[in-house]
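Here is the structure we will look at.
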Amino acid sequence: DDEPVSNVVLAFDLDAEAGTISNKRVFVDFAQLGNTATTDVDGMRTDTEGNLYITRNGLGQVAVFSPSGELAMYITSPSIKDVANLEFGGEGGKDLYMVGMCSSDETKGCVDVYSGSAVGNAFSKLQAGGSVPGTDNGVASSESPSSESPSSTSSSSESSSSTSSSSSPPVSSAATRPTCKARAKQQR
């Protein structure tokens, strides 16, 4: 195939004991979903209910998919132009922190928080004292397959944690954070 696949998320069956994957299939193809193939897929996370959260870098939103691959909703970030990555946290692990380029000043980075109803999968495992496959002491590794959900996902735009450096843009320090909005999926 000569076509780019950066906006196709693949699913595999995982045999954790044997360390093998099989049954490669398309989980979501953004070219078929809303004709947004030109918008990058970037960070991904799962929750304990098996939902997959995928940033749409360039749309200022996170697409949320059910374990069966159905689009459940979009979470729109009011202050972030390009949502690049995300992570669950907060007191109960139900807050989804989204980071990316600020809409108001593209030289700065912003953080928005969406309070959901499900706990982040990695958050849940770390709080229980367990390890999270595909990570090294809580820092994501793009070299190990992830097994956060029954059907692991992968894309050519692998998610990875980043560390801050002195050359990183400053994070917006607004006293109040805008409330993120979730909207139901649009009819196809």
Query raised in the report: Hey, what do the phi angles of the range 29-41 turn into as Karplus ³J(HN,Hα) couplings, whole Hz, using 6.51/-1.76/1.60 and θ = phi - 60°, x for Gly and Pro?
Result: 10, 5, 5, 8, 9, x, 6, 10, 5, 7, 9, 4, 8
Query raised in the report: Under the classification rounded if a/c is under 1.5, otherwise prolate if a/b is larger than b/c and oblate if not, where does the range 1-99 fall, given a ≥ b ≥ c as square roots of the Cα gyration tensor eigenvalues?
Result: oblate
Report summary line: Here the alpha-carbon Rg of the range 49-127 over 2.2 N^0.38 Å rounds to 1.09
Requested in this report: At most 11 other Cβ atoms within 10 Å and a DSSP loop assignment: could you name the trypsin sites (Lys or Arg not before Pro) in the range 1-76 that fit?
Outcome: none
Requested in this report: Could you state the accessible area per residue of the range 7-104 in Å², with a 1.4 Å probe and every protein chain left in place?
Outcome: 44
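The values are calculated or read from the model by the stated rules, or taken from the named source; none is laboratory data. It should be emphasised that the depicted structure is a prediction, and the values quoted were computed from it without experimental measurement. All Cβ positions, glycine included, derive from the backbone under ideal geometry; neighbour counts span all protein chains shown. The area values use the complete protein model at the heavy-atom level, side chains included, leaving out ligands, DNA and RNA. Shrake-Rupley method; radii C 1.70, N 1.55, O 1.52, S 1.80 Å.
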